[in-house]
Amino acid sequence: MVMSMKNRSIRFNRSKQKQNKRLEEQYEQKLEEKVGKQEIYPDLEENINFIQTLLGNSGDLVTRQFMIQYDPDVQAAIIYLDELVAKEINHNYVLRPLMKFSEIPHKKGRDIWDMAYQSLVQAGETKVEEEMKKAIDAILCGDTVLFIDGYAKTMIIGTRGWQTRGISEPRAESVVRGPREGMSETLLFSLGMIRRRLKDPDLRVKMHTIGKRTKTIVSLLYVDGIVEPKIVEEVENRLKRIQIDGILETGYIEEFIQDQTWSPFPQLQNTERPDAVVAHLLEGKVAILVDGTPHALIAPAVFTQFYYSPEDYYERFHIATFLRFVRIISFFVALALPALYIAFVSFHPEMIPSKLQLAMAAGRATVPFPSIIEALMMEMSVEVLREASIRLPGPVGPTIGIVGALVIGDAAVRAGLVSPAMVIVVGLTTISSYANPNYNAAISVRLIRFPLMILAAIFGLYGIMLGLMLLLIHLVQLRSFGVPYMAPYAPLNRSDFKDTLIRVPWKWMNKRPSFFHPEDERRQAKKDGESESKPNEEGQSSS
Amino acid sequence: MEKKPATNQSNTLTPYQILCTLYLTIVGIGLFSLPRTLSKEVGSDGIWVIMFSGLIVWILLFFITRLLQLFPGQTFVRFVPEILGSSRDKKMGKIMSIPFFLLFGIYYLFTMASVIRLFGETLAGAVFLHTPVEAIVIVLILATLVAATMKPYLLAKVNEFVFPITFITFILIILVAIKYGEVTNLLPLFQSNPEQIWKGMLTTGFSFTGYEICILFAGYYQNTKKAMRVHTLLILLVTIVYVVAFVASLSLFGQYEITKLQWPLLEMVKEYKSPLFVLERFESGVIAIWVTNVFVNVANMYLFLVQMISQLYHSESHPGRKWIAWLFVPIVYALVMLPKHVQELNDWMYYVGIMNLVVVGAILFLYVVALFRRRKGDSRHASSLSSP
């Protein structure tokens, strides 16, 4: 089953790649015809005309022609997109110095371009380019380009600035204790939050531009010296292979670079929290940030990691350990409770205590359906409610959800359509699936629940067990960028067990998880009197 | 510190994985009925019989381990031709080893079939009264098929997960005996004559079958030199489990009642009655958990077959293995449904046990031949094999 899926996924990818290639060729060809290797004209008018026609005389394209006061014979122009630039920079530090009378005495023979570049334009980032394509790219990114008549080159001035949402608390990953800022849609803000927390000269930020048309900036973050170079190499290779017209969210990248397309389990983690990103970087993982979305991707990811919350590391270890147990229990409840209910009711009624069984039988007496239909009906209606409460506007959403669940559930029980026990089961299942700190892992559990219910309806507990075994087989075979998905449970590793179901005090977590093969294994310096398990390592560190 | 490359390390079996895999291949559905069959033969002397059988199995396994240590990092598919063939003619060894491979293959086919059938009968008799055995059996075969297409080191991980689940369940079952069991039920001791003891040993000997699967998994051991330590621990663990199961059910039911119970260990579960538990009557639950045990038990043997064929034909790639695994489905199913009733199945189990003796004998014969011909696997070959 799993194997055939794998084959299909390869085929699927291949056809997608082909399609993308065609798409790319067409687009490239068109662009090549229009721009090509066009050099910038020496004539100002020609440049302005070229850019305006290429952008289709776009209404938001601002072209400001003016005379440089320094040498009034020289015409110049700046071109920018109205909505993407910080206008005060353009007005105060580009236009004003160029148009105002300069204090610098006019000397004949001094090159006006050099003058503008070196002293007149007062912006931090400037670049000189000679190709038209570069100028157009710069305009589209929110930079301003300056043309001076008579010079076959352009000055690109960094004036990007647009409205942003500002920093707010991450909605899906809120914590009781811990930083409340979430990353932002603007890549640089997010990067800033990470840099601010990780003042390590070894932090590497590699920029890629993905998306033929959207030209989205995707940055790859890792800590050199901790992360295994092979992982970085693999991630970079997979990023380079992406050929698509646009990247709007990390989800695009996730689907392109994950190992197994058909697996219901997420193979990359995503987070909005800069502190979580830093924690993952310090464990020897790689983070991928995409401009335009506050989510960061973390690779590689292992199964257990989806059941950790950043708060586990901020609260004291007792409560963290307890909460992890709660989450694992809720994982199993969300996964198997409806299936168990079906199995118990239809195959193993003897397992239910007799008193409860009498009550359940009384509740089920009026129900006209077999338990599987009852369960599927209820689960589906809960899924509908869930989806609807997300779409419903603002404060009404949760209310409708609760009212819907209570009223419909109660009415259904009274009408004898479902048994009261089923309502309890569905309620518990739904609540349990929200106990998972990671939304994408919770979704996969929601999906797997349904096949398990069908197996339970056919073979009872036997079916559930076989289903779980197949699930285990699938999980054991999964790999995320070369790291076994079920690490550190299989293969079992004692030292990695310190941060799994139990979270030991920080004092004792002196090593990084070994299954990410960190180059620098130690998190904490060796304490005095600590037993030396690896004699060679000592020699390495002292040299 | 010399760092091993990541891929190489994850393709080998850790000692704990070896323990889990071999334990689950030995201990299967037979654990439930062992107290009955044994006390039928020897009464309460079963304690000594199990221990003595354990000792003998340990000695046999000792020699097998010595054979494996001659060829580290190689499965039997590679080292059997090397033992039998000459260095000049490579084909000769292959032809000579065909009878051995046939023997192994047939043995595992029959063992698998009898385990699956026994399990199907148990389920159909105890839990699914209205479900046909055929349905239970075919689902189990198809599910294990998926497992058998995995690489051995990945299946070992599945074993690693299942082992604690079944082991903890076993301990929980035994706890009942401590509460309700009576020591007087274990007496009198030393009542059996040698003939009975011999028969009893044969019965328990059959319960120990499965350890010889190490001739396959040894090809993936992380450290073959230290394999004996794990193997000793394994036999010790299995012996203890058997003795404990035997003592517990005997102390609970007594010699005469126990012979009348089909699954003494399962009957023990019925004694669990406590308001503390949410559930009542645990047998279905225990059987459900035991599904995982039987699943990997069968999967390991299935893997043996698939791995043997695929290594013989050098097609260790995934699609090839899948087809080989599918090839076995009709054969296994036909064998599973061959015995007409449980009585015939019991006879089968006896013959399978005898066949196990032949298989172990053949492996020991190979060891003797290897010693005489001074055959030894070179380590260069080994490293290339561990990453198939």
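Beyond 40 Å, what percent of the Cα pairs of chain A remain? Each step should come with its number before you reach the end.
Values: 63917 of 147153 pairs.
Result: 43 percent of Cα pairs exceed 40 Å.
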Next on the checklist: For A:SER480, what residues show an amide H to amide H distance below 5 Å, using hydrogens built from the backbone and excluding near sequence neighbours?
Outcome noted: A:TYR485
Checklist entry - Amide H to amide H under 5 Å from A:ARG523: which residues, 5+ apart in sequence or cross-chain, H placed 1.01 Å off N in plane? => result A:LYS511, A:ARG512
Checklist outcome for this item: Computed over chain B: longest principal axis from alpha-carbon atoms vs helix B:133-148 long axis, angle to nearest 10 degrees, is 40 degrees
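In square nanometres and to one decimal, what's the mean projected area of the convex hull around the Cα atoms of chain B? Before the final figure, lay out the partial values.
Values: hull surface 83.9 nm².
Computing the convex hull of the Cα atoms and averaging its projections yields 21.0 nm².
List A:ILE473, B:ILE363 from most exposed to least, where exposure is judged by having the fewest other Cβ atoms within 10 Å. Walk me through the numbers before you get to the answer.
Working: A:ILE473 26, B:ILE363 22.
Listed from fewest to most nearby Cβ atoms, that is B:ILE363, A:ILE473.
Using Stokes-Einstein with the Kirkwood hydrodynamic radius over Cα pairs, what translational diffusion coefficient do you get for the stretch A:187-301 at 20 °C and a viscosity of 1.002 mPa s, in µm²/s rounded to a whole number? If you can, show how the numbers build up before the last one.
Details: Rh = 14.1 Å.
My calculation gives 152 µm²/s for D.
Per residue of B:155-161, how many C-beta atoms from partner chains lie within 10 Å of its own C-beta, taken as a mean?
Details: counts 3, 3, 12, 8, 2, 6, 9.
Taking all residues of B:155-161 together, the mean is 6.
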Checklist entry - Long-range amide H contacts for A:GLN75: which residues qualify at under 5 Å (H placed 1.01 Å from N, peptide plane, sequence gap of 5 or more or a different chain)? => result A:ASP149
Checklist entry - So what's the gap between the Cα centers of the stretch A:111-171 and the stretch A:173-191, to the nearest angstrom? => result 29 Å
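Once you have the alpha carbon radius of gyration of the stretch B:38-88, what is it after dividing by 2.2 N^0.38 Å, with N set to its residue count? Could you put the intermediate results ahead of the total?
Details: Rg = 17.7 Å, N = 51, 2.2 N^0.38 = 9.8 Å.
Rg over 2.2 N^0.38 Å, computed on Cα atoms: 1.81.
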Next on the checklist: Quick check: the distance between the Cα centres of the stretch B:109-155 and the stretch A:356-390, to the nearest angstrom?
Outcome noted: 32 Å
Next on the checklist: To make sure I understand the rule: partners must be aspartates and glutamates, Cα under 14 Å from the Cα of A:LYS87, and not fewer than 8 residues away in the same chain. Which ones qualify?
Outcome noted: A:ASP60, A:ASP143
Item to check | All-pairs alpha carbon distance profile, the protein assembly as shown, 20 Å steps from 0, percent | outcome: 12, 35, 32, 15, 6, 1, 0
Checklist outcome for this item: Result row for chain A, helices from DSSP H with C-alpha axial extent 20 Å or more and mean Kyte hydropathy at least -0.5, is A:317-346, A:371-391, A:420-434, A:439-477
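What stretch of chain A, leaving out the sites themselves, is the longest with no GluC sites (Glu not before Pro) in a DSSP loop having at most 12 other Cβ atoms within 10 Å?
Values: sites that count: A:GLU83, A:GLU103, A:GLU125, A:GLU130, A:GLU530, A:GLU532.
That would be A:131-529.
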Checklist entry - With labels modelled as points extended 7 Å from the Cα through the Cβ direction, what inter-label distance (nm, one decimal) is found for A:SER174 paired with A:GLN29? => result 5.3 nm
Item to check | Proxy reagent accessibility, fewest Cβ within 10 Å first, across B:ARG88, A:ARG110 | outcome: B:ARG88, A:ARG110
Checklist outcome for this item: Most exposed to least, judged by fewest other Cβ atoms within 10 Å, A:SER354, A:SER174 sort to A:SER354, A:SER174
Item to check | Computed label-point distance, nm, for sites B:ARG229 and B:MET92 using a 7 Å Cα→Cβ extension | outcome: 4.0 nm
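Read-outs throughout are calculated quantities, based only on the coordinates presented, and are distinct from any laboratory measurement. Quick caveat: nothing in here was measured; it's all calculated off a predicted structure. Every residue, glycine as well, gets a Cβ built from its backbone with ideal geometry; the counts of neighbours run over all protein chains shown.
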